[in-house]
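Written out below as C-alpha cells is the structure these notes cover.
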Amino acid sequence: MAKQRQVFVCRECGSESVSWAGQCPQCNGWATIEEAAIPKARVARGTESPIRPLHEFDAAGAVPVPTGLDEVDRVLGGGLVPASVSLLGGEPGIGKSTLTLQMAMSVAASGGSVILVTGEEAPSQVAARAGRLGAIPDSLSVVDATDVDVICAAIESERPQLAIIDSIQTLRCPEIDSAPGSVTQVRAGANRLVEVAKRTGASVVLIGHVTKDGNLAGPRLLEHVVDTVLSFTGDRHHDLRFLRTAKHRFGPTSEVGVFEMVATGLEAVADPSVRFLADRQAGTPGSVVVATVDNQRPVLVEVQALAAPHGDRPPRLHSQGLVANRVELVSAVLRRRGGIDLWGWEVFTSAAGGADVREPGGDLGLALAVASSLLNRAVGPDTVVVGEVGLAGEVRSVAQLERRLQESFRLGFRRAVVPSSAPEGPTGLDLVRVSSLSDALRALGLEAEVPEAFAA
Ligand SMILES: Nc1ncnc2c1ncn2[C@@H]1O[C@H](COP(=O)(O)OP(=O)(O)OP(=O)(O)O)[C@@H](O)[C@H]1O
Ligand SMILES: [Mg+2]
C-alpha cells in the first residue's frame, strides 16, 4: 500500500512546511506545529491542477498545414505542423536559404504570415533572391536580428504561421557569454525557439550548417530538441538536391524529395528515374540499370563501371555516388565467387547523373557493371538488376521489391534480374531469378573461367 504523504501545519497561523520544527517560522509560536496528512485531492491536483483529460485537447492543432511546395509537403507528410520546430541541415551553399525562401513565399502567397529571420544575410540580399524567385507577397516580413530576445519578441507579437531562422549558428542569447555558433549558444537559442513555437503556434524552421561528417555545432546536437530533422543534400557538381527526413514526430521518415537547382530557384523533379536515365547510352559495356529505393521511393539509377588496365599491380577501386565499402566488398566477391579477377585493373564506378545509391539493393547491378566493363560485353538495354550480394556470393532479397519492379516496368524495362525469392512482378516484366552472383553472370553472358584456386 502506498505510504500516505505527510505535511506539518501550524495550528496558530495555518502555515505549512515539509518538516517538523519546535517553533513556527511564520508566527514564531512555540510547539504549534502538528503533523497532518495531505488530502488526496491536494496531492493530485492542488488549486490549479496541471492534469487534464487528453480528450479535451484539440487534435486538429497537430494537423500538417501544406507549404504549397509539393515535394516539401510530401517529404513532411502533408506540410508543417503548427507549433512544431523543424531543423533543416545541409552543407554550406547547398541551397537551404533558397528552399526555405521558396517555402516562405509559397505560404505567404496563400495568405499566411511569415517571418524570415535573416541573421546570415542582409535583407537586401534576401530581397534580391526573392525577386529572382517570383513576386514577393505582402505577408512576408523580415527580422534582421541575431538576438534571441528580439526574435522571440517578434514571433510573440506577430504570431506568424511560419518563422524561418537563417541560421541557428548566428543566434545569440545575451545572457550567455560564449560566441554565436558555440554549443551552448546553439542549444539555448533552439530551446528558446521551441518554447516560443509551442506558445504561439507558429511553425518554426531552423536552418543549420553541417559538414560532410555532420558534426559542426548545430544540427547533430539539436536532433533531440526539435520535432523534425530534415537534411538537404546534393552533389555540388550536379544540380540535383535531395530533401529527406531523418526524424519526424508527426509523419513518415520514408520519403525523399528531389529538386533541381535552376536559375529561378529549386524546381521539383517529379520523376527522378527519368532524370537519372535521361542521358544513358544503352548497350555500352559497364552500364547497368539498378532498381534502388531512396527511403521508400523507388528510383532507377544507371550504375557505371570502367575498368582500365594499370600494369601488374593490385586492383585500384574508385567510386562516386556509391558506398566505397560496398564497391570493395562486391569486387572481392566478384573475384572469389565469380572468377572475375581485378588484378592489374583500375576500376572506376559511379552512379550516373548525380544519383546517390546507399542501399545494398544496388550490389548485384554494381557487380555486373564491373564484370561487363572488364569483359567488354554489354548488358541488354531493357534489363534492370536488383539484389544484395552476400560474402558467400549469394544474392539476397531487399526491401520494397514489388515497388522497384513496378517502377522498372513503368520506365520500359522488360527483363529484371532478381533474387530467387522475389515476388511476381508486373505482367510483361520477365523475371530472371538468380540465387548467386555466378548465376547472374551466367544469365547475362558475363561468365569468365573460374580459376580452380578461387572456385567457391
Ligand atoms: N543568380 C543565381 N542563379 C542561379 N543559381 C544561383 C544564383 N544565386 C545562387 N544560386 C544557387 O544557389 C546556391 C546557394 O544557395 P543558398 O544560398 O540557398 O545556399 P545555402 O545552403 O543557404 O548556403 P549558405 O550555407 O551559404 O547559407 C548557389 O550554390 C547557386 O547554385
Ligand atoms: Mg544560406
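The values are calculated or read from the model by the stated rules, or taken from the named source; none is laboratory data. Quick caveat, the model's predicted, so the values are computed rather than measured. Cβ coordinates were reconstructed from backbone atoms using ideal geometry, including for glycine residues, and neighbour counts include every protein chain displayed. Accessible surface is based on the protein model in full, side chains and every heavy atom, while ligands, DNA and RNA are left aside. Shrake-Rupley method; radii C 1.70, N 1.55, O 1.52, S 1.80 Å.
Filtering the range 151-160 down to residues that are in contact (Cβ under 8 Å) with a residue 24 or more places away in the chain and either out of contact with any Gly (no Cβ under 9 Å at 6 or more places or on another chain) or part of a strand (DSSP E or B) (or both), which residue is farthest from ligand 2 (Cβ to nearest atom)? Walk me through it before giving the result.
The initial filter retains those residues of the range 151-160 that are in contact (Cβ under 8 Å) with a residue 24 or more places away in the chain, namely 151-152, 154-156, 158-160.
Adding the requirement that they be either out of contact with any Gly (no Cβ under 9 Å at 6 or more places or on another chain) or part of a strand (DSSP E or B) (or both) leaves 152, 154-156, 158.
Numbers: C152: 21, A154: 20, I155: 20, E156: 25, E158: 22 Å.
Checking each candidate, the answer is E156.
The residues of the range 161-180 that are small (G, A, S), part of a loop (DSSP other than H, G, I, E, B) and crowded, with 18+ Cβ neighbours inside 10 Å amount to a single one, S167. When residues in the range 341-385 are screened for being aliphatic (A, V, I, L, M) and free of Cβ contacts under 8 Å to residues at least 40 places away in the same chain, 1 of them pass. Scanning the range 241-250 for residues that are touching a residue at least 12 places away in the same chain (Cβ under 8 Å) and assigned to a loop (DSSP other than H, G, I, E, B) turns up at least one hit. When G78 is tested against the conditions (1) in contact (Cβ under 8 Å) with a residue 12 or more places away in the chain; (2) within 16 Å of ligand 1 (Cβ to nearest atom), the lone failure is (2).
Suppose we keep only residues that are touching a Lys or Arg at 6+ places or on another chain (Cβ under 9 Å) and small (G, A, S) within the range 289-320. Which one would you say is least open to solvent (accessible area, probe 1.4 Å)? Checked the range 289-320; the qualifying residue least open to solvent (accessible area, probe 1.4 Å) is A291.
Give the number of residues within the range 90-132 that are assigned to a loop (DSSP other than H, G, I, E, B), under 17 Å from V143 (Cα atoms), away from ligand 1 (no atom under 12 Å from the Cβ) and not aliphatic (A, V, I, L, M).
2
Here N191 meets each of (1) crowded, with 17+ Cβ neighbours inside 10 Å; (2) more than 30 Å from E260 (Cα to Cα) with one exception, condition (1).
In the range 199-232, which residues are modelled with pLDDT of 90 or more and within 30 Å of V262 (Cβ to Cβ)? Matches in the range 199-232: S203, V204, V205, L206, I207, G208, V226, T228, V229, L230, S231, F232. A single member of G189, G265 is in contact (Cβ under 8 Å) with a residue 24 or more places away in the chain and within 15 Å of V117 (Cα to Cα), and it is G189.
Table: residues versus (1) exposed (fewer than 14 other Cβ atoms within 10 Å of the Cβ); (2) at pLDDT 90 or above; (3) of a type in the set (D, E).
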position	(1), (2), (3)
L243	no, yes, no
P252	no, no, no
E260	no, yes, yes
A263	yes, no, no
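Among the residues of the range 251-296, write down those that are in a strand (DSSP E or B) and of a type outside the set (A, V, I, L, M). Selection gives G257, F259, E260, G265, E267, S287, T292, D294. Put simply, of G93, G119, G181, G201 the only residue that is more than 16 Å from ligand 2 (Cβ to nearest atom) and assigned by TED's automatic domain parsing to the domain that holds D73 is G201.
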